[in-house]
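Structure record follows, encoded as C-alpha cells.
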Amino acid sequence: ILLNCMGNDRNEYIKQQVQVKNPYLDTMEEDILYHFSLSTKTHNLPEMFGDIKFVCVGGSANRMKAFAQFIHQELTLPGNPDEIRDICEGTDRYCMYKVGPVLSISHGMGVPSISIMLHELIKLLHHAQCRDVILFRLGTSGGVGLAPGTVVITDKAVDYSFLPQFEQVVLGKVITRSTELDEGVASELLQYSSELQNFPTVIGNTLCTHDFYEGQGRLDGALCSFSHEEKLEYLRKAYDAGVRNIEMESTVFAAMCRVCGLKAAVICVALLNRFEGDQITSPHDVLVEYQQRPQVLVSHFIKKRLGLL
Ligand code: R2B
Ligand code: URA
C-alpha cells in the first residue's frame, strides 16, 4: 500500500512538472535558448525562474513591459516598477520580465514567432523545475459580431475550417495536434470578469489565421481575391461555428501547452467588429484602454489565486 501511495504521489508530482516531449533534450550537456539569450550553462535557471507560477505572453514588447509594471503594482511588491529589467536584454527578438511569481514575455506576431518563443519558454520552465504553472495569452483580436472593447475568453482555438486543431509540417508531412484549452481556467476567468465593473466579456471560439489581411477576410490589404459578399459569408459561417474573434497565435499556443501538460488560457480584446469593417479606426487612447482589459482580468485571476482578494 505504501509503495502504491508513493507511486501515485510521484505520478502526481511529475504531472505537475512542465514536461518537454523530446527524449534528446536530456542527453544535451548544454541547452542554449538562443532567442532568449539564456543558457543552462551560463544561467542558473532553477534559481532565476523556479518560483514562476503564472506566465503571461502577448505580442507587443511594450505592452508586456507595461503589464509587468502593472502586475508589480497590483501585487504591491517592493521595489520600483520603473526599474524593471528585461531578462532577454541580450537579444531584441523577445522581451521578458519577472515580477514575483509572474513572468511576462512578448512573442511577436503570428504562429511562427510565438512557436519559437514557446519552444524556448517550455524548455526554460522545464530546466527551472517549475511546477503548477498556468500560461495566459493576453492579446488583441478582431471581433466577430461583438462591440469593440469586448473581452473574449477562448473556449476552443480553431483553424481556418473552424476545427480545434493545429496543423504543422514536420519532415514534409502534416501532423495535427488538438488545441483544447483548460476549461476550468476559462470558466474561472469568466466568473471573475463578472466581478469587474464595465467589463463586457464573452466566452467563445477563437479563429487563428496565418495572415492579418486576406487570411482574415479583409478587403483592405495590398491584395484581395474575393468579394465583399464572400467575406461576409465566411464571417457568418465562422459566427455559426461559435467563433467570436480572430487572431494569429491561439492554435499553436493551445496545442504546445497541451502536449507539455501546461494549463493555458487565451484572453483577447476585440478592437473592432469585423461585420462592420476592416480598418481599426478607434483613437489611440481608446485602443490603449481596450488592450489593458485582458491585463486587468488576468491580474484579478492571479490575485485571487494568490489569496490577495
Ligand atoms: C493580434 O494582433 C496582431 C495583429 O495585429 C496579431 O499578433 C494578433 O494575434
Ligand atoms: N488582431 C488581429 O489578428 N486581427 C484583428 O482584426 C485585430 C487584431
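Quick note: the coordinates plus some simple rules give every number you see, no bench work behind them. Bear in mind the structure is a predicted one, so any value in this text is a computation, not a measurement. With ideal geometry, Cβ positions are generated from the backbone for all residues, glycine too; neighbour counts draw on all protein chains shown.
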Helices (runs of 4 or more DSSP H) fully within segment 200-309 counting 2 or more residues that are among the small types (Gly, Ala, Ser) and crowded, with 21+ Cβ neighbours inside 10 Å: 250-259
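State which residue is nearest to VAL55 (Cα to Cα) when the search covers only segment 234-284 and only residues that are charged (D, E, K, R) and within 16 Å of ligand 1 (Cβ to nearest atom). It would help to see each step written out before you state the result.
Our first condition is that a residue be charged (D, E, K, R); within segment 234-284, this holds for 236-237, 240, 244, 247, 249, 258, 263, 274, 276, 278.
Within this subset, residues satisfying the condition of being within 16 Å of ligand 1 (Cβ to nearest atom) are 244, 247, 249, 274, 278.
Numbers: ARG244: 24, GLU247: 20, GLU249: 16, ARG274: 30, ASP278: 31 Å.
In this case the residue turns out to be GLU249.
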Residue match in segment 184-193 (condition: more than 30 Å from GLN279 (Cβ to Cβ), hydrophobic (A, V, I, L, M, F, W, C) and touching a Lys or Arg at 6+ places or on another chain (Cβ under 8 Å)): yes
Filter pass, LEU146 being more than 16 Å from ligand 2 (Cβ to nearest atom), crowded, with 17+ Cβ neighbours inside 10 Å and aliphatic (A, V, I, L, M): no
Residue in segment 83-102 that is within 16 Å of ligand 1 (Cβ to nearest atom) and of a type in the set (Val, Ile, Thr) present: no
Residue in segment 44-51 that is of a type in the set (A, V, I, L, M, F, W, C) and either exposed (fewer than 14 other Cβ atoms within 10 Å of the Cβ) or under 19 Å from the mean Cα position of the chain (by Cα) (or both) present: yes
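Consider GLN168 carefully, then state whether it is surrounded by fewer than 17 Cβ atoms within 10 Å (Cβ to Cβ) and without any contact (Cβ under 8 Å) to a residue 40 or more places away in the chain. Working first, answer last.
Numbers: surrounded by fewer than 17 Cβ atoms within 10 Å (Cβ to Cβ): yes; without any contact (Cβ under 8 Å) to a residue 40 or more places away in the chain: no.
Here the answer is no, as GLN168 does not meet what is asked.
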